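Take a look at the structure below.
The values are calculated or read from the model by the stated rules, or taken from the named source; none is laboratory data. None of the values given here were measured: they were computed from a predicted structure. Because the Cβ atoms are built from the backbone with ideal geometry, glycine has one as well, and the counts that use them run over all protein chains shown. Note: accessible area is taken over every heavy atom of the protein model, side chains too, but ligands, DNA and RNA are not part of it. Shrake-Rupley method; radii C 1.70, N 1.55, O 1.52, S 1.80 Å.
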Amino acid sequence: MLLTAAAGFYLGARGGVDIWLLARTLVGVALVAAGTNAFNQVRERDVDARMRRTQGRPLPSGRLTPRAAALFAGVISVAGVAYLALAVNLLTAGLAALTLASYVLLYTPLKRTTTLNTLIGAVPGALPIVGGWTAAGGAIGPAVAALFWILFLWQLPHFLALAWIYREDYQRGGLAMLSVNDPDGHHTGHMVLLYALALLPVSLLPTLLGVTGAVYFFGALALGLGYTGVSVAMTRAVTPARAWRVFLVSIVYLPALLTLMVVDKIVA
């Protein structure tokens with residue numbers, strides 16, 4: 001969240017970057033992101049207790065009470081939104097509040113009822129780059145919309161691959177993931193490829209909209225082809241090794257893409 005917010009801030013800045021404003025933005029974003037994570041763990045403590053990879057978290061392990069965790073989550077969330085409103089601007093604070101609300105009130109409960117939860121969860125995951133942009137004074141328009149959609153689409157192959165690897169754990173937790181009813185991975189693999197293909201042209205938009213230059217354009221093209229290539233392999237036969245490959249490539253893809261954006265930003 002901090003990485004994408006910082007990138008959005010740099011891209012949205014006109015002229016030089018105000019380092020102190022950036023620092024204030026990241027403090028506020030960190031508080032809200034941490035509060036969101038904490039609220040999620042409060043609401044999903046029963047699920048976490050059933051899943052092997054989350055049983056050791058503070059709530060299901062009994063190291064922390066739900067009341068203490070909820071109080072902590074509420075205090076730092078409110079503090080983060082208030083700090084952004086006072087130290088940055090109201091629009092960025094509103095976006096942070098929307099991120100928190102959409103994650104905790106929509107994405108978290110929908111994980112128990114519908115496989116569409118992954119699409120809903122990608123919205124709060126993509127909002128921090130917009131918040132960084134507006135914190136620097138960038139206007140809401142096509143350029144920041146392109147950044148949002150890049151982050152939105154990037155998350156989907158990333159998470160679908162991980163969810164298929166841990167499909168048995170998600171089933172134990174009672175979560176409605178696409179992978180739970182897709183033991184051979186056929187449907188998951190095709191959805192991974194679909195989103196990777198959609199990401200490829202969208203990732204080129206910053207150059208077409210005048211935010212970045214040619215270096216970014218061809219770098220994003222190469223990264224997108226690599227992401228698509230490992231996704232194609234998942235449509236042929238889904239194995240843990242191929243799913244891990246998609247996940248690991250996704251982890252490399254995002255910081256590499258953001259670095260290209262920062263390096264090749266067209267100075268206004």
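At a 1.4 Å probe, what is the % contribution of carbon and sulfur to the accessible area of the range 165-215? Taking all protein chains in place, the range 165-215 shows 64 percent carbon and sulfur surface.
Size descriptors for the range 129-174, from the alpha-carbon set: Rg then Dmax equal 16.0, 46 Å.
Using amide H atoms built 1.01 Å from N in the peptide plane, name the residues 5+ places from T212, or on other chains, whose amide H lies under 5 Å from its own. The list, which skips near neighbours in sequence, is T207, I266. For the range 1-145, carbon and sulfur atoms together expose 69% of the accessible surface, with a 1.4 angstrom probe and every protein chain in place.
Relative to the globular-protein estimate of 2.2 N^0.38 Å, the Cα radius of gyration of the range 163-231 stands at 1.48.
Once the convex hull of all Cα atoms in the range 21-141 is built, its volume per residue stands at 101 Å³. Counting charges near R167 (Lys, Arg +1; Asp, Glu -1) among other residues having Cβ under 15 Å from its Cβ returns a value of +2.
Only Cα pairs under 8 Å and 6+ residues apart enter the sum, and on that basis the relative contact order of the chain stands at 22 percent.
Ellipticity at 222 nm from helices only: DSSP H runs of n ≥ 4 in the chain, each -39500 (n - 2.57), divided by the residue count, give -24000 deg cm²/dmol. Put simply, the C-alpha atoms of the range 199-262 give a gyration tensor, and the ellipsoid matching it has half-axes of 26, 11, 7 Å, longest first.
For the chain, the per residue solvent-accessible surface stands at 44 Å², with DNA, RNA and ligands left out and a 1.4 Å probe. Stokes-Einstein diffusion of the chain at 37 °C, 0.692 mPa s viscosity, Kirkwood radius from Cα pairs, rounded to a whole number: 170 µm²/s. Sorted from greatest to least, the principal axis extents spanned by the alpha carbons of the range 104-260 come out as 46, 36, 19 Å. Cα centroids of the range 145-172 and the range 12-53: 18 Å apart.
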